[in-house]
Protein chains: 2
Amino acid sequence: MKKQRNGETWKFEIEMPVQRDSSPEVVLGIDGGTTSTVCICMSLPISDQTLDSLPVLARSVAGCSNHNSVGETVARETLEQVMAEALMKSGAKRSAVCVVCLALSGVNHPTDQERILNWLRDIFPSHTKLFVQNDAVAALASGTMGKLHGCVLIAGTGTICYGFTEDGREARAAGAGPVLGDWGSGYGIAAQALTAVVKAHDGRGPQTMLTSDILLTLGLSSPDELIGWTYADPSWARIAALVPVVVSCAEAGDEVSNKILLDSVQELAASVKAVVQRLGLCGEDRKSSFPFVMVGGVIENNKKWDIGKEVINCITEEYPGACPIRPKVEPAVGAALLAWNYLMKESEGNLRR
Amino acid sequence: MKKQRNGETWKFEIEMPVQRDSSPEVVLGIDGGTTSTVCICMSLPISDQTLDSLPVLARSVAGCSNHNSVGETVARETLEQVMAEALMKSGAKRSAVCVVCLALSGVNHPTDQERILNWLRDIFPSHTKLFVQNDAVAALASGTMGKLHGCVLIAGTGTICYGFTEDGREARAAGAGPVLGDWGSGYGIAAQALTAVVKAHDGRGPQTMLTSDILLTLGLSSPDELIGWTYADPSWARIAALVPVVVSCAEAGDEVSNKILLDSVQELAASVKAVVQRLGLCGEDRKSSFPFVMVGGVIENNKKWDIGKEVINCITEEYPGACPIRPKVEPAVGAALLAWNYLMKESEGNLRR
């Protein structure tokens with residue numbers, strides 16, 4: 001161990017029985033989001049296992065670890081805490097950790113990665129392999145058993161699309177937030193629904209069922225009150241929470257709601273197409289097979305009007321080789337599987353030398 | 001005087017020479033915006049005057065008086081201060097004020113008006129007539145010599161459209177802010193330009209001259225840096241300041257920029273049409289004459305690509321009776337003229353009784 005940065009956090013290690021050489025080696029996978037952070041500890045080796053029998057030793061949960069939201073210090077403490085808790089529950093010390101993969105929202109640049117790697121190196125022994133990625137990568141890996149190949153579309157409050165080729169190239173689309181045009185996101189759908197209510201009220205747009213249903217949901221008596229409601233709290237998630245109202249109005253036949261959802265399908269599909277095109281994931285004949293992973297509330301939680309299914313239709317129509325996957329495990333499991341795959345690749349590389 | 005609410009503010013009155021019965025009566029017109037507040041003091045009577053020879057005695061300027069932005073107390077102090085300064089410069093006491101018209105941004109509801117009237121009544125003597133309006137009303141009056149008839153379109157950082165019939169009905173469209181679909185505004189135009197740059201960069205949209213010109217203007221080296229720039233400061237005005245870049249790209253033939261400006265023209269025209277329709281300003285034959293006043297940076301400050309002119313073309317095509325007006329005096333003058341018109345109407349009413 002290079003340094004003991006935080007005595008309290010790692011105190012459990014001192015109280016643990018001395019590990020024998022035969023104690024299992026472990027991997028840590030972390031999915032660090034704006035809402036919560038999840039850490040999964042798995043024992044090694046992970047091979048030819050089905051999703052049902054993954055060797056998960058422990059799972060721990062903490063709050064936000066996006067450094068843009070809570071700052072570097074808090075983000076770091078949260079991550080250290082969540083990793084320590086997973087190890088403690090697993091009965092493993094840091095010296096047993098072969099590889100760590102942190103998949104964090106807010107990591108968009110090599111400088112972000114380097115900064116986080118720097119302090120991770122202070123926590124773990126020198127033999128521990130460390131990887132830092134954007135959280136979209138963990139979402140992809142959760143659908144591909146840890147293989148970094150294909151395209152992942154995330155659509156919750158925000159939306160982003162990421163893609164990776166087998167030879168290591170990557171591309172991304174959207175993910176720039178509502179001001180910069182993420183109209184397929186939950187926020188985008190809800191903001192357009194609110195706009196439709198205002199436009200129907202002042203005569204710029206057609207009448208819509210959204211008026212009564214949104215006002216009822218928010219406990220307001222007139223569309224005029226939407227201005228105060230909207231600007232009282234700038235949280236994107238609060239606005240995105242109206243998506244189920246839009247879906248239920250669309251299911252009931254409301255044309256305005258249907259158009260909003262169809263537009264969001266087009267926006268989401270456009271992100272996927274941009275990434276697939278740039279990376280050539282579909283091959284030159286546009287028919288090559290590639291995994292197409294989809295996660296997030298907008299794509300999952302719908303009923304009759306299934307936004308995710310519509311996006312899949314758009315994509316498979318253009319790229320018949322796209323294999324749609326809705327992951328059955330959480331992104332933190334994807335991060336752990338990814339960590340394991342990184343380790344395998346490295347040892348393959350070493351064997352070849 | 002009911003109460004002496006603020007000794008310091010009105011101290012100048014004690015030091016003034018005793019007014020004779022012949023001292024001129026005055027009106028106050030206030031345009032209270034989010035950026036600044038302007039007060040105009042005019043002597044009475046105002047009749048058959050041209051705009052060049054209006055009896056302006058004084059003009060005073062203060063900061064923001066939007067109660068939503070700075071709170072009730074500060075807004076009130078700012079307004080009291082700016083009125084006191086205009087009166088002091090005019091050499092007039094409050095007892096000389098026949099009528100006050102406050103046109104304030106953020107006043108959207110009868111309860112807002114009532115609250116402001118309540119404390120205004122404490123400042124002025126009982127014979128002073130008091131009127132509180134939305135600031136759009138002053139903009140209209142600045143183009144109609146104080147007559148409350150017609151339609152006014154304001155398009156600066158935000159946009160709003162207001163209309164009044166001669167028999168006192170009123171209607172409004174847009175003005176609900178960017179989340180709620182004010183896409184014709186300066187903020188809307190600039191946000192769409194930023195979105196176009198991001199989409200061109202990640203492969204979702206066509207290449208555009210906006211990329212190089214916006215990055216150069218902001219001193220950034222890659223579209224990826226726009227995310228940080230955009231969310232570093234949530235001020236709408238900061239984003240709206242990019243409108244001239246969009247206009248110059250459109251003038252240079254950039255198709256994406258042209259489409260953004262054409263869309264903004266359609267959005268602005270839609271607000272005007274909604275108000276004209278609802279009030280029937282165009283009459284049953286759709287040809288009746290009505291004033292159509294236009295103010296704000298988006299409509300004024302353009303060169304070859306003239307957004308205001310395009311909006312006028314849209315409107316006069318549909319309503320040949322619309323009389324486009326770009327006011328030559330500021331909204332505070334409009335508020336003063338409006339105050340005078342209110343007074344005239346009241347005395348006409350009294351004569352008829």
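Values computed for the structure shown
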| read-out | value |
| --- | --- |
| Neighbouring partner chain Cβ atoms per residue of A:275-281, average, 10 Å criterion | 1 |
| Non-local Lys pairs in region A:178-325, i.e. 8 or more apart or on different chains, that have alpha carbons under 17 Å apart | 6 |
| Using a 7 Å Cα-to-Cβ projection, B:Glu77 label spacings across copies, nm, ascending | 3.7 |
| Signed unit charges on C-beta, dipole axis of region A:178-325, positive-most listed residue A:Leu218, A:Cys282, A:Ile325 | A:Cys282 |
| Dipole in debye (nearest 20) - the protein assembly as shown, about Cα centre, beta carbon charges: Lys, Arg +1; Asp, Glu -1 | 660 |
| D (Stokes-Einstein, µm²/s), Kirkwood Cα radius, the protein assembly as shown, 1.567 mPa s at 4 °C | 45 |
| Dipole axis of region A:205-353 (+1 Lys, Arg; -1 Asp, Glu on Cβ), positive-most option in A:Ala250, A:Val311, A:Ala237 | A:Val311 |
| Among beta bridges that DSSP assigns inside the protein assembly as shown, antiparallel share in %, nearest 5 | 55 |
| Spatially proximal lysines relative to B:Lys89 (Cα-Cα < 19 Å; intrachain offsets below 8 disregarded) | B:Lys11 |
| Student exercise, region A:193-242 dipole from Lys, Arg, Asp, Glu Cβ charges, in Debye to nearest 20 | 140 |
| Exposed-loop-free span, longest in chain B, where GluC sites (Glu not before Pro) count as exposed if DSSP calls them loop and at most 13 other C-beta atoms lie within 10 Å | B:9-165 |
| Two-site FRET efficiency, B:Thr73 against A:Tyr231, from Cβ-Cβ distance with R₀ of 25 Å, rounded to 0.05 | 0.75 |
| Cβ-based charge dipole, the protein assembly as shown, positive-most Cα from B:Asn341, A:Ser65, A:Leu104 | A:Ser65 |
| Most fluctuating residue given options A:Leu28, A:Leu226, A:Leu279, as computed from a GNM of chain A linking Cα atoms under 10 Å | A:Leu226 |
| Fraction of beta bridges assigned by DSSP in chain B that are antiparallel (%, nearest 5) | 55 |
| Residues B:Asp202, A:Asp31, sorted so that the one with the fewest Cβ neighbours within 10 Å comes first | B:Asp202, A:Asp31 |
| Fewest-first sequence of B:Phe124, A:Phe12 by Cβ atoms within 10 Å of each Cβ | A:Phe12, B:Phe124 |
| Shielding by partners - mean other protein chain Cβ count within 10 Å, residues of B:167-174 | 2 |
| Test item: B:176-189 mean partner chain Cβ contacts at 10 Å | 5 |
| Semi-axes of the equivalent ellipsoid for chain A, Cα gyration tensor, largest first, Å | 41, 25, 16 |
| Charge dipole magnitude, Cβ of K and R +1, D and E -1 - chain A, Cα centre, debye nearest 20 | 940 |
| Nearest-to-axis residue of chain B, judged by beta-carbon position, where the axis maps B onto A, in Å | B:Pro234, 4 |
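Each value in this text was obtained by applying a stated rule to the coordinates, not by laboratory testing. From a predicted model like this one, the values you see are computed outputs, not experimental measurements. Ideal geometry is used to build each Cβ from the backbone, glycine not excepted, and the neighbour counts take in all protein chains shown.
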